[in-house]
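Below: one structure, written as structure tokens.
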Amino acid sequence: MTTGNDWMYGKITDEALAVLRSRIGNRSEMSPPSDPYTRTSIIRFIASVGDDNPLFWDEDYASKTRWKGVIAPPRMLLEGWSETPRSVIEPIDAGKVTFMGEDVLKGVFAMISGTRIVFEQPVRIGDQLRSQAGPHDVIERKSSMAGRSIELVNKLVYFNQRDEVVATVYQSIIRMERGGARENRKYLDIPPARYTSEEMEALSAHYRKEAEQRRGATARYWQDTEVGEALIKIAKGPLTVTDIAAFFMGKADIYYTNRVKHLELLANPSARLVNAESNVEDNWVAAHWDDYFARQSGIPRAYDEGPMRYDDMVHLVTDWMGDDAILREISVQLRAPNLVGDLSWCTGKVTGKRVENGRHLVDLELWIDNQRGERTTRGTAVVELLSR
């Protein structure tokens, strides 16, 4: 069946892959510095991900830790964001081509599939971050959900105002043909979540006690940590559209409305989606809260943005490791969508111990299971612990 929106169902061609591979190694100009981190911006972020660790917001508490003050949560990396939206102060140029080049996969669905982050040092109040980005790899993938699929890996390096590296991020994006996803009903037939009163009461009881698991100021030592040891378990959800909207607000994303949105979509047609039932256009991000747009990509209803689960896993690890430990690296792979109504249980175990360059490290395996018993997310982490 064809519709007036068939341009949304682009194909991945060998010619497009050749162009994408030719761009590997390109680097953007350094982004403008972010606004300075503030206690308010940090609180807004941790509220959006449900993390109430006082290390990230209570100056009196944080001053008694090894950090001697509030630090930002490890994954709160804001680059190039300022109080003034770019399009308000710069003319929109539809013909402008960035270092990434023209999108040669127009109409091909994009979905975040995973990330690996290597942390070098914490971000503190007053810090400003800049970043430099570029294509890192192009990998062909087999997909049980859609037609032809590829994984695009982009590398972002974050610097602070002293030109010190704060973190290096390897972000994976899956581009897959919408037509195949729409016709493949792998996820489309998943019914909406329903919970009994007893189930919700049990969840509430868990939430009331969850903070008691946080290691906090009690040091966790390398010598006392055993391979095979289970981590704590934290809950996230059931997911609501409010949670999704709060996350976008918490990380200070800017999406335009009205005239500015219209001009932005004219300048960036690959970001444009049109609802065939109403002929109303919107930005691609609307699929996270608009069931119609979600269904066009083979997902039955609104779903989370992938980085929400990165934060879930970071929250799990930082609660487990305590204030004096350092999260050195985390890697997350998204295996299934987290749909509105879904409940996520985050946990893991210790899989290894080692001493490397004087650092006492533990390796962790992480995962998230939903209420259907599906493992939606897998991950690993490296944590540096204190040594006796």
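The values are calculated or read from the model by the stated rules, or taken from the named source; none is laboratory data. Model, not experiment: these values are computed from the prediction. Positions of Cβ are generated from backbone atoms using ideal geometry, with glycine treated the same way; all protein chains shown enter the neighbour counts.
Residue-wise test of (1) at pLDDT below 95; (2) within 28 Å of A381 (Cβ to Cβ); (3) in contact with a Cys (Cβ under 8 Å, 6 or more places away or on another chain); (4) of a type outside the set (S, T, N, Q).
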{"site": "I173", "(1), (2), (3), (4)": "yes, yes, no, yes"}
{"site": "R178", "(1), (2), (3), (4)": "yes, no, no, yes"}
{"site": "R194", "(1), (2), (3), (4)": "no, no, no, yes"}
{"site": "E201", "(1), (2), (3), (4)": "no, no, no, yes"}
{"site": "R208", "(1), (2), (3), (4)": "no, yes, no, yes"}
{"site": "T218", "(1), (2), (3), (4)": "no, yes, no, no"}
{"site": "R259", "(1), (2), (3), (4)": "yes, no, no, yes"}
{"site": "L266", "(1), (2), (3), (4)": "yes, no, no, yes"}
{"site": "E277", "(1), (2), (3), (4)": "yes, no, no, yes"}
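Checking each residue in the stretch 16-34 for being assigned to a helix (DSSP H, G or I) and either among the small types (G, A, S) or surrounded by 17 or more Cβ atoms within 10 Å (Cβ to Cβ) (or both) picks out A16, A18, L20, S22. When you go through V340, V383 one by one, which is the residue that is farther than 22 Å from P191 by Cβ, modelled with pLDDT of 95 or more and among the β-branched types (V, I, T)? On inspection, the qualifying residue turns out to be V383.
Cβ-Cβ distances below 6 Å connect the following pairs, each with a first residue in the stretch 345-358 that is without any contact (Cβ under 8 Å) to a residue 60 or more places away in the chain, a second residue that is in a strand (DSSP E or B), and a separation of six or more residues or different chains: R354/L361.
Scanning the stretch 336-347 for residues that are part of a loop (DSSP other than H, G, I, E, B) and in contact with a Leu (Cβ under 8 Å, 6 or more places away or on another chain) yields a count of 5.
If the condition is being aliphatic (A, V, I, L, M), outside any loop (DSSP other than H, G, I, E, B) and either in contact with a Gly (Cβ under 6 Å, 6 or more places away or on another chain) or over 20 Å from Y310 (Cα atoms) (or both), then the stretch 194-241 contributes M200, A202, L203, A205.
Residues that are in contact with a helix residue (DSSP H, G or I) (Cβ under 8 Å, 6 or more places away or on another chain) and surrounded by fewer than 18 Cβ atoms within 10 Å (Cβ to Cβ) within the stretch 372-388 comprise L386, S387, R388, listed in sequence order.
The set of residues from the stretch 35-78 being part of a helix (DSSP H, G or I), polar (S, T, N, Q) and under 22 Å from W345 (Cα atoms) comprises just one member, S48. Within the stretch 77-93, at least one residue is touching a Leu at 6+ places or on another chain (Cβ under 8 Å), at pLDDT below 65 and among the acidic types (D, E).
Only residues that are over 15 Å from S34 (Cβ atoms) and either free of Cβ contacts under 8 Å to residues at least 40 places away in the same chain or loosely packed, with under 15 Cβ neighbours inside 10 Å (or both) were counted across the stretch 121-145, and they come to 8. The strands (runs of 3 or more DSSP E) found wholly in the stretch 248-335 and carrying at least 1 residues that are surrounded by fewer than 16 Cβ atoms within 10 Å (Cβ to Cβ) and more than 23 Å from the chain's Cα centre (by Cα) occupy 272-275, 280-283. The lone criterion from (1) crowded, with 17+ Cβ neighbours inside 10 Å; (2) within 19 Å of the chain's Cα centre (by Cα); (3) outside any loop (DSSP other than H, G, I, E, B); (4) assigned by TED's automatic domain parsing to the domain that holds E229 left unmet by V350 is number (2).
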